[in-house]
Amino acid sequence: MAERPRGWVRVPVGEEAHRWATRGRCKRVLLVVHNVTAATRLLDVLPLFRDDLRVQLLATCPGSSPFRAGVAELLAAVGVPVLPWRQAVRTPVDLAISASLGGQLDRIKGKLAVISHGAGYNKTLSAPSTEHRAPSTEHRAPSTEGLPVPTCRGY
C-alpha cells in the first residue's frame, strides 16, 4: 500500500475505502467547483443526486479561478466529501459536472458535463475601434461570451 499524500480523503474513495463502505457499486459524481458563483449553479443540480443511494457525490476545486474565496466554506456546509484536486484527477468517476470551462478539466478520469453558471455570466464584447486604423481594417461584429451550450465529453 502506497503512502497517501497529506490531506487526501481516505473514505469514500481512498485505496482502502472498500473496507468501510456500507453501500457497494455506487456511481461516483464529481462536482468541479471553480468559485462560489459556479458552486451556486452546481447546487441547483445537487438534488438530482443527493438522495439517490446509488450515487456517491464528491467535490473538488481545481484552483484555477482567482475568485476562490468562500468555496471551502460552502462545500463544508453542503456536506459533500471534498477531494484535493490532485486526488480528484486520479480518482475515476462516472460523471464530473462543472459550471466553468476553466482549469484542466481534461485531466478528470470520467465523463464530463459542463453546464452554464447562469445568464449573468454573459457579456457582450464590443468590436475594437477602427477610427484610427487603415481603411482596409476589417470590422468585426460584437460577440457574446458566456452561456455556452452545455457540453458533454465521453458519450
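The values are calculated or read from the model by the stated rules, or taken from the named source; none is laboratory data. Note that this is a predicted model, so its numbers are computed, not measured. Reconstructed Cβ throughout: ideal geometry from the backbone, glycine too, with neighbour counts over all protein chains shown.
The residue list ARG54, ARG68 contains one member that is among the charged types (D, E, K, R), touching a residue at least 24 places away in the same chain (Cβ under 8 Å) and surrounded by fewer than 13 Cβ atoms within 10 Å (Cβ to Cβ), which is ARG54. Scanning the stretch 90-102 for residues that are buried (at least 19 other Cβ atoms within 10 Å of the Cβ) and more than 13 Å from LYS27 (Cα to Cα) turns up ILE97, SER98, ALA99, SER100.
Answer yes or no as to whether PRO81 is surrounded by fewer than 20 Cβ atoms within 10 Å (Cβ to Cβ) and within 21 Å of ARG6 (Cβ to Cβ). So PRO81 passes the test.
Would the stretch 64-77 turn up any residue that is out of contact with any helix residue (DSSP H, G or I) (no Cβ under 7 Å at 6 or more places or on another chain), modelled with pLDDT of 85 or more and aliphatic (A, V, I, L, M)? Checked the stretch 64-77: at least one residue is out of contact with any helix residue (DSSP H, G or I) (no Cβ under 7 Å at 6 or more places or on another chain), modelled with pLDDT of 85 or more and aliphatic (A, V, I, L, M).
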